[in-house]
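Please read the structure below before turning to the comments.
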Amino acid sequence: MSSLTSQERAALEIAADAPMLAQVEDWAAVNSGTGNLAGLDLVSRKLANAFAALPGTIRLVEAEPVEAVLADGSIKAIERGKHLHLAVRPEAPVRVLLTGHMDTVFAVDHPFQSLRWLEAGVLNGPGTADMKGGLSVILAALGALEASPWAGRIGYDVLINSDEETGSHASARLIAELARGKIAALTYEPALPDGTLAGARPGSGNFSITIHGKAAHAGRNPEDGRNALLAAADLALRLNAAKSPGLKVNPARIDGGGPNNIVPDHAILRVNMRPMSPDDMIAAESMLKDNMAAISREHGVHCHLHGGFNRPPKPIDEAAGKLFALVRDCGNDLGLAVEWKATGGVCDGNNIAACGVPVVDTMGPRGGAIHSDEEFLIVDSLAERAQLSALTLMRLAEKGRV
């Protein structure tokens, strides 16, 4: 840490001393699965109280409407929880965006609800790493920034949304709005256990293809029917065959069918696709529509598409490379080896990068086994990552650029 100034050291001590573990234990003790509106409401109020220690204006923002296709093909409006937005010094010459999410993948009736120590310094619990630990890191880093000489030079927006785990459909517009005018963004998904960050990410799209066929008696006149279930299965196989180095395809589920003596007239195919580049995404959209047209023609059915690519691909361009280099250099000055590698996962960093803003999206603490009942947080990394963020923010303020 020999390259640090005395002013940086003083601020970094404040970051390390923040009560992050106590906050994680408090926030993770509340189930806040994306669909648990009561739990999300409680967590959002806890977060608002905690982030009120910072200057600026806090508001809870109503979620935008979201639609889902049910198993019978009908469209249902899905309610999401409110998002938290903190705005500090919007008039400052340097402006950045910090994002996190309060929701987890664990539903209100999921058996994984409590915290326990796996060993000294390793905390197991729902959302400990993904990402209530990350939220505590944001608060600690900003508290240190506010105590530094550079605070007045930098303004920031903090967005903690309630629906990241289901694709941020109800917060996508807000993410894009807050990304506008920012020189950089930091997102607090957990780093890998060894501290490695995520670099390039693919895009992601979830699709529901409703197939309308024609019912008929399975024994008396099956030739008069149009089997929607068979058409859905054929489409799943065709889409799976379209996989390539630039496109991952996962046909995940078929809803439909009925009694054995009726030709099924209705089915819904659920598919996830992950393109590696913008060109791959365009090609995937074309491929999907071409195969739907072929299925309609060859099976005598009608296909209706719902969904789309909600997470664009996130390549590492020149601006993102500079921001990664800044984070790496800050890590070096803290005695941390910061590396990154491409990953198959997606997050709000995809949405931010699509707005033309460089982003590092795994600034949270080290942890692992996320989205399972073995999820864990490495507690010592809370202070480590809070200091990394605080130093990055101070140097962005000092330089005025990435």
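Values as computed for the structure displayed
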quantity: Average Cα contact separation per residue, the chain, under 8 Å, 6 or more apart, as relative contact order %; calculated: 24 percent
quantity: Within a Gaussian network of the chain (alpha carbon springs, distance under 10 Å), most fluctuating of 278, 222, 313; calculated: 222
quantity: Size descriptor, Kirkwood hydrodynamic radius, that averages inverse alpha-carbon separations across the chain, Å; calculated: 22.5 Å
quantity: Three-way shape call for segment 25-85 based on the alpha-carbon gyration tensor, with the a/c threshold at 1.5; calculated: oblate
quantity: Apportionment of accessible area to carbon and sulfur, segment 267-373, percent (1.4 Å); calculated: 51 percent
quantity: Per residue solvent-accessible surface (Å²) - segment 1-103, probe of 1.4 Å; calculated: 47 Å²
quantity: Carbon/sulfur fraction of accessible area - segment 93-132, other protein chains in place, 1.4 Å, %; calculated: 56 percent
quantity: Among 34, 63, 313 the positive-end extreme of the charge dipole of the chain (Cβ point charges); calculated: 313
quantity: Segment 268-332: mean projected area of Cα convex hull, nm²; calculated: 6.0 nm²
quantity: Choice from 343, 392, 187 showing the highest fluctuation, given a GNM over the chain with Cα pairs closer than 10 Å; calculated: 343
quantity: Cα centroid separation, segment 348-382 to segment 21-80 (Å); calculated: 18 Å
quantity: Segment 6-84 - percent of accessible surface contributed by carbon and sulfur, probe 1.4 Å; calculated: 52 percent
quantity: Count of lysine pairs in segment 213-327 with Cα separation under 28 Å (8 or more residues apart, or interchain); calculated: 7
quantity: For segment 111-258: relative contact order, % (alpha-carbon pairs under 8 angstrom, 6 or more apart); calculated: 13 percent
quantity: Top of 247, 192, 118 by mean-square fluctuation, Gaussian network on the chain, Cα under 10 Å; calculated: 118
quantity: Helix 6-17 vs. the chain, principal-axis angle (Cα, 0 to 90°, nearest 10); calculated: 50 degrees
quantity: Rh by Kirkwood over Cα pairs, then Stokes-Einstein D for segment 1-153 at 0.692 mPa s and 37 °C, µm²/s; calculated: 187 µm²/s
quantity: Cleavage-rule hits, trypsin sites (Lys or Arg not before Pro), segment 164-252, DSSP coil, Cβ neighbours within 10 Å at most 10; calculated: 220
quantity: For segment 314-402: span of alpha carbons on each principal axis (Å, largest first); calculated: 42, 30, 18
quantity: DSSP bridge orientation in the chain - percent antiparallel, rounded to nearest 5; calculated: 75 percent
quantity: Value of [θ]222 nm, deg cm²/dmol, for the chain, DSSP H segments ≥ 4, -39500 (n - 2.57) each, nearest 500; calculated: -11000 deg cm²/dmol
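The values are calculated or read from the model by the stated rules, or taken from the named source; none is laboratory data. Small disclaimer: the values here were computed from a predicted structure and weren't measured. Every residue, glycine as well, gets a Cβ built from its backbone with ideal geometry; the counts of neighbours run over all protein chains shown. Each accessible area value is taken on the protein alone, full model and side chains, heavy atoms only, with ligands, DNA and RNA left out. Shrake-Rupley method; radii C 1.70, N 1.55, O 1.52, S 1.80 Å.
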